[in-house]
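Here is the structure we will look at, set down as structure tokens.
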Amino acid sequence: MDKRNSTRGRIINYMLNHPITSKAELSKELNISMPTVLTNVNELISQKLLTELGEYESTGGRKAKSIGINKSYRRAMGVVISANHLEMVLINLGSEIEKSVRVRLKFSTDFSYCMQVKKEITKFLKGSCAEEELLGVGIAIPGIIDQQNRIVLKSHALQIENYSLRFLEQALELPVYFENDANAAMLAENPQKYQDAIYLSLNHTLGGAFCINGQLFRGKNQKAGEFGHMILIPGGRKCYCGKVGCTDAYCAESVLTDDNRISLETFMTQVKNKDAAAGVKWENYLDHLAILISNLRMAYDMDIILGGDVGGVLAEYMIPLGEKVMGYNGFDHDVSYLKNCAYEKEASAVGAARHFFADICH
């Protein structure tokens, strides 16, 4: 029975990350005999977890039927808590965003905040997802999280230390998963594609995460991936953490937006319109980002995914960024290891929600 469940789980996990495949492909890629694949796939189709999508083009002989995940079989919700907002998404098993809302809600340690979050989540889900379809709610938080004890050990963004998440969990009365926002963004990427990778979350503050063998690496004290607080320029700009010269002070989105005085969209429009001051700032930003990328590549020798709000706009600037990176790195012959993120805006919410997809693999 354990072996059968393991085989079933492997098939479902593969299907979650490959929208369209065939029974023959499953047999080949997972090294499972065709009779075993046929038995499991037919059972999953009868349970409505998988569905037949059509037929592949024939190369001679009988046409193979394509199969895929029944995206509407189950759903999961993702939430991002920030200092002043609550971001919510609902995704299906295809990791497609079916609904997204961002509401203004100032964070507070009062229990009334937990009840307000519950109210917003209930309102969001009403009419969008039946109770039996919802796998759970993943909540991404900017801070270091002790998942076992449900505690935010420290969050500069929310200005809290040793904050218990138990009250919020109890208020929601739903299966809940808590994750650091950068780690959650990493989880939004395809784990089959990125077995070993670094994720740079270039948002208002700079976060980071990395996975090894397809698993998040958290470190001894849950602090792995805090790339924003490595020293980039000794004796440089003051960082919000109190130190000087941190990467965050040079590579976070706040550097471009003057700490939210203007929007990133406005800044990038200035760059495209050849505004001189914006152009200089952008060039300096790319230069500092290239140093960070080069250092991380030398340390970890992994793919590096550029995510967050700035990661979303970098797709148009990969050539100049790549040229700068190559100027600092004489060991690589190209920058094909630099990747653009799968989700420009809702990565942390999607990643937190995707946690629950593992439940249907067991």
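Consider ASP287 carefully, then state whether it is in contact with a Lys or Arg (Cβ under 7 Å, 6 or more places away or on another chain), in a helix (DSSP H, G or I) and of a type outside the set (A, V, I, L, M, F, W, C). It would help to see each step written out before you state the result.
Details: in contact with a Lys or Arg (Cβ under 7 Å, 6 or more places away or on another chain): yes; in a helix (DSSP H, G or I): yes; of a type outside the set (A, V, I, L, M, F, W, C): yes.
The answer is yes for ASP287.
Return yes when SER294 is among the small types (Gly, Ala, Ser), touching a residue at least 12 places away in the same chain (Cβ under 8 Å) and open to solvent by 10 Å² or more (accessible area, probe 1.4 Å) and no when it is not. First the steps, then the outcome.
On the way: among the small types (Gly, Ala, Ser): yes; touching a residue at least 12 places away in the same chain (Cβ under 8 Å): yes; open to solvent by 10 Å² or more (accessible area, probe 1.4 Å): no.
No.
What is the one condition in (1) closer than 21 Å to PRO142 by Cβ; (2) within 23 Å of the chain's Cα centre (by Cα) that LEU286 does not satisfy?
Result: LEU286 fails condition (1) only.
Please find, within segment 141-168, the residue that is farthest from CYS239 (Cα to Cα) out of those that are open to solvent by less than 40 Å² (accessible area, probe 1.4 Å) and not in a strand (DSSP E or B).
Step by step, filter segment 141-168, then rank; the result is LEU168.
Which residue, of GLY54, GLY78, is touching a strand residue (DSSP E or B) at 6+ places or on another chain (Cβ under 8 Å), open to solvent by less than 60 Å² (accessible area, probe 1.4 Å), part of a strand (DSSP E or B) and at pLDDT below 90?
Numbers: GLY78 fails: at pLDDT below 90.
On inspection, the qualifying residue turns out to be GLY54.
Can you tell me which of ALA299, ALA353, ALA315 is surrounded by fewer than 19 Cβ atoms within 10 Å (Cβ to Cβ), within 19 Å of the chain's Cα centre (by Cα) and in a helix (DSSP H, G or I)? Show your work before the answer.
Values: ALA299 fails: within 19 Å of the chain's Cα centre (by Cα); ALA353 fails: surrounded by fewer than 19 Cβ atoms within 10 Å (Cβ to Cβ).
When all the criteria are applied, what remains is ALA315.
Among the residues of segment 326-350, how many are part of a helix (DSSP H, G or I), open to solvent by 60 Å² or more (accessible area, probe 1.4 Å) and either touching a residue at least 24 places away in the same chain (Cβ under 8 Å) or among the β-branched types (Val, Ile, Thr) (or both)? Talk me through it step by step, then tell me what you get.
Going through segment 326-350, the residues part of a helix (DSSP H, G or I) turn out to be 326-328, 347-350.
Now restrict to residues that are open to solvent by 60 Å² or more (accessible area, probe 1.4 Å): 326-328.
So of that shortlist, the ones also either touching a residue at least 24 places away in the same chain (Cβ under 8 Å) or among the β-branched types (Val, Ile, Thr) (or both) come out as 327-328.
Number satisfying all stated conditions: 2.
Looking at (1) part of a strand (DSSP E or B); (2) at pLDDT 95 or above; (3) over 21 Å from the mean Cα position of the chain (by Cα), can you tell me which one LYS106 breaks?
Unmet for LYS106, out of (1) part of a strand (DSSP E or B); (2) at pLDDT 95 or above; (3) over 21 Å from the mean Cα position of the chain (by Cα): (1).
Condition first: closer than 27 Å to ASN213 by Cα and either among the aliphatic types (A, V, I, L, M) or at pLDDT 95 or above (or both). Can you find one or more residues in segment 273-289 that meet it?
Initial filter on segment 273-289 (closer than 27 Å to ASN213 by Cα): 289.
Next, only the ones that are either among the aliphatic types (A, V, I, L, M) or at pLDDT 95 or above (or both) stay: 289.
Looking for residues that are closer than 27 Å to ASN213 by Cα and either among the aliphatic types (A, V, I, L, M) or at pLDDT 95 or above (or both), one finds at least one in segment 273-289, hence yes.
Do the conditions hold for SER72, that is, is it within 25 Å of SER348 (Cα to Cα), open to solvent by less than 80 Å² (accessible area, probe 1.4 Å) and either at pLDDT below 95 or of a type in the set (A, V, I, L, M) (or both)? I'd like the intermediate steps shown before the answer.
On the way: within 25 Å of SER348 (Cα to Cα): yes; open to solvent by less than 80 Å² (accessible area, probe 1.4 Å): yes; either at pLDDT below 95 or of a type in the set (A, V, I, L, M) (or both): yes.
Taking the combined requirement at face value, the residue satisfies it.
Kindly list, by first and then second residue, each pair from a residue in segment 6-20 that is among the charged types (D, E, K, R) to a residue that is at pLDDT 90 or above, limited to pairs with Cβ atoms under 7 Å and residues at least 6 apart or on different chains.
ARG8/ASN40; ARG10/LEU30
Yes or no: SER95 under 30 Å from LYS126 (Cβ atoms), in contact (Cβ under 8 Å) with a residue 24 or more places away in the chain, part of a loop (DSSP other than H, G, I, E, B) and open to solvent by less than 70 Å² (accessible area, probe 1.4 Å)? It would help to see each step written out before you state the result.
Working: under 30 Å from LYS126 (Cβ atoms): yes; in contact (Cβ under 8 Å) with a residue 24 or more places away in the chain: yes; part of a loop (DSSP other than H, G, I, E, B): yes; open to solvent by less than 70 Å² (accessible area, probe 1.4 Å): yes.
Yes.
Can you tell me which of (1) aliphatic (A, V, I, L, M); (2) more than 17 Å from ALA83 (Cα to Cα); (3) touching a Ser or Thr at 6+ places or on another chain (Cβ under 6 Å) is the one ALA182 doesn't meet?
Evaluating ALA182 over (1) aliphatic (A, V, I, L, M); (2) more than 17 Å from ALA83 (Cα to Cα); (3) touching a Ser or Thr at 6+ places or on another chain (Cβ under 6 Å) leaves (2) as the failure.
Which of the following residues is in contact (Cβ under 8 Å) with a residue 12 or more places away in the chain, in contact with a Cys (Cβ under 7 Å, 6 or more places away or on another chain) and under 29 Å from LEU93 (Cβ atoms): ALA188, ALA182, ALA197, ALA249? If you could, list the steps in order and put the result at the bottom.
On the way: ALA188 fails: in contact with a Cys (Cβ under 7 Å, 6 or more places away or on another chain); ALA182 fails: in contact with a Cys (Cβ under 7 Å, 6 or more places away or on another chain); ALA249 fails: under 29 Å from LEU93 (Cβ atoms).
On inspection, the qualifying residue turns out to be ALA197.
Which condition from (1) open to solvent by less than 20 Å² (accessible area, probe 1.4 Å); (2) part of a helix (DSSP H, G or I) is the one that ILE305 breaks?
(2)
The values are calculated or read from the model by the stated rules, or taken from the named source; none is laboratory data. Just so it is clear, the structure is predicted and the values come from calculations on it, not from any experiment. Quick reminder, even Gly has a Cβ in these numbers, built from the backbone with ideal geometry, and neighbours come from all protein chains shown. Remember, those area values only see protein heavy atoms, side chains included, never the ligands or the DNA or RNA. Shrake-Rupley method; radii C 1.70, N 1.55, O 1.52, S 1.80 Å.
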